[in-house]
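Read through the structure below, which is laid out as structure tokens, and then see the notes.
Throughout, read-outs are computed from the coordinates displayed, never taken from laboratory work. Only a predicted model underlies this, so the values are computations on that prediction, with no experimental measurement involved. For neighbour counting, all protein chains shown are included, and Cβ atoms are generated from backbone atoms with ideal geometry for every residue, glycine included.
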Amino acid sequence: MKMGYTVSGYGIGDLVTAVNSASDSEVNRLIEEYRSSYNLTRDVEESETLRDAARIEAGMTKFLEASNFKAFTTTFEDLHGLKQLPGLAVQRLMEKGYGFGAEGDWKTAALVRSMKVMASRLPGGTSFMEDYTYHLDPSGMRVLGAHMLEVCPSIASDKPYLEVHPLSIGGKADPARLVFKSATGSAICASLIDLGNRFRMIVNKVEVVDCPDMPNLPVASVLWKPMPDLKTGAAAWILAGGAHHTGFSTAISAEYLEDLSEMMGIEYLLIDEKCDLTAFKKEIKWNEVYYHISGGMI
């Protein structure tokens, strides 16, 4: 109600019906798109795995278009009737402008959609993201952003590779996915959380740097330095209650989400190069008082 979102839930069988209804011609058309858009080996191109991934994409597209949905979530715990966890389909749908959140995270799905709309026709890209792991070398601490499969190719630096690799979660066939490194430069990570009495938008400015080759991590990935540094940025993120799922963008700046927060009347916290933890703690406490009073004291 606060943000104007409508969230609908469906059983996986409803999606499976749409996937199974996809025709061979629709699958063939998508295979041709894959061949022209990505780097892929002949083994992958001719595999039944890729045809299954294309059928899932065709079915998911029909399902979303039928009700004019603009964002969606998936979960690796509920795949009955699907041959593989949707990876390639999610990546390509995000690139077309859909919002996405993994593991049923509807708030991040809606946030990514909002960020996609704001980034329309701007250079750069926008994606669902997750803090995957951390590089804790004191001489240059960094965050590695990635996910099991679902990172949007709009942020890629080069033509992605379409690959098939095992996935040790979900209990299904090895899924297809696009593998790439992100373009470098300024970016933001944003988290929208529910505090019970209000929503809070948390934004961290980051600087994306070159990501080394990681053959044991065959997924799309981003390497960044959070502002002002990992130690301070992580402490501020935890103090603010930031989630491990985020909306990530190299296309829009923090000011876009500050404006959006003001339009929706929700709290906004910025973690940037000037972030001081003592002042940040005070801001959180002051905000608590402000939103208690502005919401009407009981």
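Brief remarks follow.
- Cβ-Cβ distances below 8 Å connect the following pairs, each with a first residue in segment 78-106 that is over 20 Å from residue 244 (Cβ atoms), a second residue that is crowded, with 24+ Cβ neighbours inside 10 Å and aromatic (Phe, Trp, Tyr), and a separation of six or more residues or different chains: 93/100.
- Out of 187, 183, 176, sole residue that is within 19 Å of residue 75 (Cα to Cα), crowded, with 17+ Cβ neighbours inside 10 Å and either touching a strand residue (DSSP E or B) at 6+ places or on another chain (Cβ under 9 Å) or in contact (Cβ under 8 Å) with a residue 12 or more places away in the chain (or both): 176
- Residue that is surrounded by the fewest Cβ atoms within 10 Å (Cβ to Cβ), among those in segment 48-79 that are of a type in the set (Lys, Arg) and farther than 19 Å from residue 107 by Cβ: 62
- Contacts under 9 angstrom Cβ, first residue in segment 145-173 being free of Cβ contacts under 8 Å to residues at least 60 places away in the same chain, partner polar (S, T, N, Q) and buried (at least 21 other Cβ atoms within 10 Å of the Cβ), 6 or more apart: 157/182
- Residues in segment 202-250 that are without any contact (Cβ under 8 Å) to a residue 12 or more places away in the chain, within 21 Å of residue 127 (Cβ to Cβ) and of a type outside the set (A, V, I, L, M, F, W, C): 212, 213.
- Unmet requirement for residue 33, which otherwise passes all of (1) without any contact (Cβ under 8 Å) to a residue 40 or more places away in the chain; (2) part of a helix (DSSP H, G or I); (3) buried (at least 18 other Cβ atoms within 10 Å of the Cβ): (3)
- Number of residues in segment 154-171 that are of a type in the set (Ser, Thr, Tyr), part of a loop (DSSP other than H, G, I, E, B) and within 19 Å of the chain's Cα centre (by Cα): the value is 1.
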